[in-house]
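Undergrad: Below is one structure. I have some questions about it.
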Amino acid sequence: MKKLLITGASGLIGRSLMKHCHNRFDVIGTYNTTDYKPDNSVLKKLNLTDTAELEQCLDAINPEVVIHTAAVSSISGCEKDPKLTEEVNYRASAQLAAFCVRKDIRLIYLSSDMVFNGVKGNYSEDDEPHPINQYGKSKYSAEEAIKGICQNYVIARLNLVYGKGDAVKKSFTDELLIANWSGKSYPVFKDQVRSPISLNAATRAIRELAEGNFEGVYHLGGLEPINRLDFAKKFISMFHLVPEIIEEADVPEELQGIYPMNTSFDVSKAKGDLKTVLMTIEEGLDLEYGKPQVQ
Ligand SMILES: NC(=O)c1ccc[n+]([C@@H]2O[C@H](COP(=O)([O-])OP(=O)(O)OC[C@H]3O[C@@H](n4cnc5c(N)ncnc54)[C@H](OP(=O)(O)O)[C@@H]3O)[C@@H](O)[C@H]2O)c1
């Protein structure tokens, strides 16, 4: 089995990848601050901004494939700390890419729909990115660095990931479930169109990209573009949650202009090339949470 390193294995997608890759790879994951292992998986501590630590970690593990999920991933958090965002999301990713080139390691980099400005929507891999927030800018800079130096790489741009995770960071739908159980409301921004993808489908697609000979950029999203608010309403109605938990929210004044309106994806390339099935929202929710009970 090939040796696989997953950075950010304590995160939402990294944890799911750890669970779904262990039968196919000899897999080791890294965490930075969240030493959370509900299943006793072995995670190695790695702060990506420490170049020496990064090199030592990669030398010691000596992987054949790296799936790089680690990032400062909160859009508002990135606006608050652009320096850390650039260090982790861009500089450390470029450093990691350089190391992968030197050691002939295949690199799968997880990027984001936030590289687009959200004006056009239905973005394909051929569309030119124009990020409008710190997070998107840092992810796009990392993409450019990887494209510039790597040969054996995939840039997998993910759209909004939903579903049943077991990391400390919760997905959008898990947040709605928690709000329902706790009787609290959950703010959902209006007017944001996304192509939500289930955590399970995203994980399988990323694993397939890591296993095969795929190259270049791939857009991973669900088959249906939908407004975030309508998605929340659909989830609530399918699973008979309390409608009042949705708090229709406007973007706060200090964050206006940083959330792209429509970052939906054209997923034809992934649909054509991958065996992993990209799904409608109903199919994805069914896969994540099971068939809703009829009431
Ligand atoms: N979730 C989505 O909807 C979505 C959509 C588009 C793209 N993506 C991309 O997918 C990837 C994974 O996202 P996610 O939702 O799983 O993120 P997440 O849950 O926030 O996890 C982020 C991971 O990065 C690690 N990390 C942060 N700073 C680090 C540092 N300085 N050194 C080493 N590790 C560090 C965290 O480690 P600790 O917690 O241990 O500190 C954590 O394991 C990201 O690259 C993101 O840009 C996600």
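The values are calculated or read from the model by the stated rules, or taken from the named source; none is laboratory data. Just so we're clear, the structure is a prediction, and the values are computed from it rather than from any experiment. Every residue, glycine among them, receives a Cβ derived from its backbone with ideal geometry; neighbour counts consider all protein chains shown.
Undergrad: Give me the residue from region 159-170 that is more than 7 Å from the ligand (Cβ to nearest atom) and touching a strand residue (DSSP E or B) at 6+ places or on another chain (Cβ under 7 Å) and, out of that set, farthest from Phe239 (Cα to Cα).
TA: In this case the residue turns out to be Tyr162.
Undergrad: For Asn152, state whether it is surrounded by 20 or more Cβ atoms within 10 Å (Cβ to Cβ), modelled with pLDDT of 95 or more and among the polar types (S, T, N, Q).
TA: It is false that Asn152 is surrounded by 20 or more Cβ atoms within 10 Å (Cβ to Cβ), modelled with pLDDT of 95 or more and among the polar types (S, T, N, Q).
Undergrad: Pairs needed: first member in region 128-143, assigned by TED's automatic domain parsing to the domain that holds Tyr90; second member anywhere, among the polar types (S, T, N, Q) and in a loop (DSSP other than H, G, I, E, B); C-beta distance under 6 Å; at least 6 residues apart or different chains.
TA: His130/Asn117; Ile132/Asn117
Undergrad: Got at least one residue in region 182-189 being under 30 Å from Phe25 (Cβ atoms) and within 16 Å of the ligand (Cβ to nearest atom)?
TA: no
Undergrad: Could you identify the single residue in Lys139, Lys120, Lys147 that is over 18 Å from the mean Cα position of the chain (by Cα) and closer than 28 Å to Lys3 by Cβ?
TA: Going through Lys139, Lys120, Lys147 in turn, just one is over 18 Å from the mean Cα position of the chain (by Cα) and closer than 28 Å to Lys3 by Cβ: Lys147.
Undergrad: Quick one: Ile149 ticks every box in (1) within 30 Å of Glu64 (Cα to Cα); (2) within 11 Å of the ligand (Cβ to nearest atom) bar one, so which box is it?
TA: If we test Ile149 against (1) within 30 Å of Glu64 (Cα to Cα); (2) within 11 Å of the ligand (Cβ to nearest atom), just (2) comes out false.
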